[in-house]
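Novice: So that we are looking at the same thing, I have put the structure below in structure tokens.
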Amino acid sequence: MEFDELKTIWQSHTATLVEIGHRSAADIGHMLRQRSRTALSKINRSIGIEIGILLAFALLSVWQLVRQESSLDLLAIIMLCFVGASMIFYSWKYRRLNRISIETSNLKEALSRTTMTMAGYMKLYSYAGMILVPAMGAAGVLYGVHVAAQDNGKTLSELPMSAWGIIVLVMSIYAGLSILFTKWYVRKLYGVHYDELKACLEELQESTMP
Amino acid sequence: MYCNQDEERRDLFQDIVLQLWRAYESFKGESKISTWMYRVALNTAISGFRKQKRKPEQSRLSDRAYEVPIVLPDPDMEEKRTFLYKAIDQLSEVEKGIVMLHLEDHSYEEIAEIIGITPNYVGVKLNRIKQRLKKILQPHFV
């Protein structure tokens, strides 16, 4: 078996493929008007939807504060704080993610930059999830306890130590579970792809190793 | 080579066209336009962040992938083409790119420019790839 024979087979096949795969200018124009179907574009679109939902919550909270119905004011303020923190996180996330653009440099440089950006993005995603989700959970639990205490004619400071023990335990379990979930989720979303790109890069870096 | 199914192939083709269109402004004429196009296409195919599908052997092409609706005039050649595709499919993503460029008659220098390694290392990689392909294909290419 000679390699030239493989070249002949390959080239005769690709020549036919080029022939049948020929696209007219109109076809190309149609393609350019379509949305990119890469997962990156899909994530960008879902970030847009998530930001839309957050803004809806923010408007709802502002409306609640304007209505001046004091029983729900605290919840509206908590919600606004959460939306604000989340918006900061989302804008970071969006900027990080969009640094992963298709590179026009050579494959090795492109892989190096993409893996570096992805690692940073994954770290940011993990930290934000590990802080925001437990914080929001804790705020929710405290608000629930506050409302329940009010219904019984008490304030938070009047709750017995045993009740605080249970509250702290619930918050700790929730925080632990949400941290584990965030780690698993980030790994599931980006882990496989990141590992594959890293493996490709390592293969190319062999050439520069002593 | 980088897609399992027709739909994925169409998506990849569309994305390559889109990326070429978007990146065209960055083409400064420092290399041949074909080299630049290969760079963008290969970067899109390898690092373009496609959605992962859970499959037993993710990077392997399914049998359907070889069913390109083309019949070469020589049935023997057609069979050899199928074996060649299956053999290339057993290589890593990077090796697939290198061998494809070599099969399309690009020089070591051009391959080095597209991949980002030295021409010498292209030679080393190609030697290894040829050895592997020879081992896989020898029984079918008598």
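The values are calculated or read from the model by the stated rules, or taken from the named source; none is laboratory data. Please read these numbers as outputs of a predicted model, since none were measured by experiment. Cβ sites come from the backbone with ideal geometry, for glycine too, and all protein chains shown count toward neighbours.
Novice: With the structure loaded, tell me whether residue B:98 is crowded, with 20+ Cβ neighbours inside 10 Å, assigned to a loop (DSSP other than H, G, I, E, B) and within 10 Å of chain A (Cβ to nearest Cβ) or whether it fails that test.
Specialist: The answer is no for residue B:98.
Novice: Do we find a residue being touching a Pro at 6+ places or on another chain (Cβ under 6 Å) and either acidic (Asp, Glu) or surrounded by fewer than 17 Cβ atoms within 10 Å (Cβ to Cβ) (or both) anywhere in the stretch B:109-125?
Specialist: Yes, that holds for at least one residue.
Novice: Return the residues of the stretch A:140-166 that are in a helix (DSSP H, G or I), in contact with a helix residue (DSSP H, G or I) (Cβ under 8 Å, 6 or more places away or on another chain) and hydroxyl-bearing (Ser, Thr, Tyr); say none if nothing qualifies.
Specialist: The one that is in a helix (DSSP H, G or I), in contact with a helix residue (DSSP H, G or I) (Cβ under 8 Å, 6 or more places away or on another chain) and hydroxyl-bearing (Ser, Thr, Tyr): A:143.
Novice: Can you confirm whether residue A:174 is in a helix (DSSP H, G or I) and more than 14 Å from chain B (Cβ to nearest Cβ)?
Specialist: Yes; evaluated as a whole, the condition is true for this residue.
Novice: Continuing with this model, one more query. Scan A:101, A:105, A:157, A:162 and give me the residue that is among the small types (Gly, Ala, Ser) and modelled with pLDDT of 85 or more.
Specialist: On inspection, the qualifying residue turns out to be A:162.
Novice: Applying the selection to the stretch B:129-142, what residues are outside any loop (DSSP other than H, G, I, E, B) and either of a type outside the set (Lys, Arg) or in contact (Cβ under 8 Å) with a residue 24 or more places away in the chain (or both)?
Specialist: B:129, B:131, B:132, B:133, B:136, B:137
Novice: Another question, if that's okay. Restricting to the stretch B:23-42, name every residue that is in a helix (DSSP H, G or I), among the charged types (D, E, K, R) and touching a helix residue (DSSP H, G or I) at 6+ places or on another chain (Cβ under 9 Å).
Specialist: B:39
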